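First the structure, in the form of structure tokens, and then the observations on it.
The values are calculated or read from the model by the stated rules, or taken from the named source; none is laboratory data. Only a predicted model underlies this, so the values are computations on that prediction, with no experimental measurement involved. All Cβ positions, even for glycine, are placed from backbone atoms using ideal geometry, and neighbour counts span all protein chains on display.
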Amino acid sequence: MTPTVHDVVFRAACPDCRGRFELAAAALRLAIGRTARTTFYSFTCPDCGAAVRKPAGERIVELLTGGGVRTMRLHVG
Ligand SMILES: [Zn+2]
């Protein structure tokens, strides 16, 4: 069973309002830098509107890209 992109939701939490929610792939952005330190994902909190940015490890990158999250490759340095 391979889930389709439309079925995938990602659990996320907001550090500002501490809200917990599920986000569709379209609500997330992934930025892949040259190192783990510059690789992160971001989203806008649906509860308080804060722009949240969190580091993305290898596993998270796999999950997000596999789930159809829009990915941006950073070419820094
Ligand atoms: Zn929030």
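Out of 69, 9, I need the residue that is β-branched (Val, Ile, Thr), surrounded by 11 or more Cβ atoms within 10 Å (Cβ to Cβ) and at pLDDT 95 or above. Which one? Among 69, 9, only 69 is β-branched (Val, Ile, Thr), surrounded by 11 or more Cβ atoms within 10 Å (Cβ to Cβ) and at pLDDT 95 or above.
Quick check on segment 57-75. Is at least one of its residues polar (S, T, N, Q), in contact with a helix residue (DSSP H, G or I) (Cβ under 8 Å, 6 or more places away or on another chain) and in contact (Cβ under 8 Å) with a residue 40 or more places away in the chain? So far as segment 57-75 goes, yes, one or more of its residues are polar (S, T, N, Q), in contact with a helix residue (DSSP H, G or I) (Cβ under 8 Å, 6 or more places away or on another chain) and in contact (Cβ under 8 Å) with a residue 40 or more places away in the chain. For segment 36-65, taking the residues that are more than 16 Å from the ligand (Cβ to nearest atom) and exposed (fewer than 13 other Cβ atoms within 10 Å of the Cβ), the one that is modelled with the lowest pLDDT is identified as 37.
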